[in-house]
Each structure stands twice: as C-alpha cells, then as structure tokens.
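Read the structure below first, then the notes.
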Amino acid sequence: MNDITFSNWLRESLQFIGRGPGIWFGCCLAIGLLMLLGHISLALGVFASVVSLFVGVGVAKYIDLKYSADNPVPLSWAIKKSLPLAILAAGALVFFWGVFRTVAGVTAGDWQNIAKFFFDWEYTPENLQRQTMRELAIWLFGYANVALMFCLLMLNSFASWFSYPLMLFRNYRWSAAKEEGRQVLSRHANAFYKMQGFIFLQAMLCLSVTPFLTPVLYMLTSTMMYVSYQSLFGAKTK
C-alpha cells in the first residue's frame, strides 16, 4: 500500500486520466457546458457545478472498476448511484448561498440583486465581446471557481472531506460520515491540508490565469476525493 501523502494522492489521481481518458475528458467537457448555465441563473449554475463535482466521484469509481476490477460496471451505474446524493448536497449548498445573498441584499436594500440570483440572462453582446478568449473564459467560469471554494469551506465546516463518499459507498448517515471522516483526517492532517491548499490555489489561478482549466479542476477534485477515500477506506468499501 502506498504511503498516505498528498503527492501520492495527486499522482494516483492523475493516473486516472490515462486509465480512462475518453471518459475523464468527456466529463470535463460536460461539466464545462453545464457551467454555462451560471449566466442564465446563478443558482442553477452553482447547482449544476456542484452536482457535477459529486457525480465525478462516482465516475472515478466507475473508471477504477472498469480498468482494475474483475466485474466492471457501466457508466450509467455510476451516474444513477451518485446523482441523488449529489442533488441533495448541491441543493443544500445553493440554499446556503441563497440565504447569504438574500441577507446581503436585504441589508443593502437591493431586492433586484436577490432576484438575479435565480434568473439573470447575461448572454448579451456586451458581455460576450471580450478582448481575449482568456477574458471570456474568466467571465464564463469565474463563478464556478468561487462555488468550488465555497463548497470546500462548507464541507470543512458542516461535514468532512469524506462525508460524500462515505454516504455514497458505505451508506453512512450524515452525522456518522462527518464524525468518522474527521477522525480519519485528524490522523492524516498533513496530507489533507496540502491537498486542500492545492485545490484552493488552483481555483485562484483559474480565476485569472488558467480559466479554461476550471472544468478540469472540478473533475480532478472529484478524482482526488475518490482516490483519498479509497486509500483510507477502500478495504472496507461495499
């Protein structure tokens, strides 16, 4: 068994690209297309982005089983298995985001800003006519990087990094997944904090330097969640 280190988690996650490149990059493309919804409705865009993040954990499981197990499963299995829980998680995140935005809007007396959270058509010639493709990509995917960081902060505050895979693969309740996930992470805090720092750094870079890689970062984060879970709980996975 490999040592529990961030470098090993990252290396093993990158290996998933080579094991199932078509599926992996196909998911990145699908995530990128779903992120375009954020400029029609921010609530819908955040919802679709977070659903994609968590469904990506199921896709990583599918790639793992397809290329390393005696009994591979179809991609539809991974999507059907992970989608319901991903919808619940994304719905909770959008709810909290909406509450924060509503409180800010009420405090500032900006009721229009509250309504724009649910619908705001931004695909206008003025917004699409950016000077460079990078600037256009920053505009298209910027909110998704903020959503990723917000999602990680919410996980760290109200759950744990392993809550979703524990609930998905081992049928844990939220409270039990939170408790066990935090106990395990406390024994591997160094690797975990390095991984979180890496994801936050990449999200910050995607806000200005590498915006086109935002969908890739989402899929990489999903894969890292699965790989780190598998390294610590894999022997007990059902």
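The values are calculated or read from the model by the stated rules, or taken from the named source; none is laboratory data. Owing to the predicted nature of the structure, the values given are computational and were not obtained by experimental measurement. We place every Cβ from the backbone using ideal geometry, glycine too, and count neighbours over all the protein chains shown. Ligands, DNA and RNA are excluded from the accessible area calculation, which covers all protein heavy atoms including side chains. Shrake-Rupley method; radii C 1.70, N 1.55, O 1.52, S 1.80 Å.
Quick notes
- Check on residue 75, touching a Pro at 6+ places or on another chain (Cβ under 6 Å), at pLDDT below 90, open to solvent by 30 Å² or more (accessible area, probe 1.4 Å) and hydrophobic (A, V, I, L, M, F, W, C): no
- In region 1-58, residue surrounded by the fewest Cβ atoms within 10 Å (Cβ to Cβ) [restricted to those that are polar (S, T, N, Q) and not in a helix (DSSP H, G or I)]: 2
- Residue in region 125-133 that is among the polar types (S, T, N, Q) and in contact with a Gly (Cβ under 8 Å, 6 or more places away or on another chain) present: no
- For beta carbons closer than 7 Å, sequence separation of 6+ or different chains, a first residue in region 97-111 that is under 23 Å from residue 149 (Cβ atoms) and a second that is not β-branched (Val, Ile, Thr), the qualifying pairs are 97/150; 98/43; 98/117; 101/117; 105/111; 105/113.
- Of the residues making up region 114-145, those that are surrounded by fewer than 15 Cβ atoms within 10 Å (Cβ to Cβ) and either farther than 22 Å from residue 214 by Cα or within 16 Å of the chain's Cα centre (by Cα) (or both) number 6.
- Some residue of region 18-38 being over 30 Å from residue 123 (Cα atoms) and either touching a residue at least 60 places away in the same chain (Cβ under 8 Å) or of a type outside the set (Gly, Ala, Ser) (or both): yes
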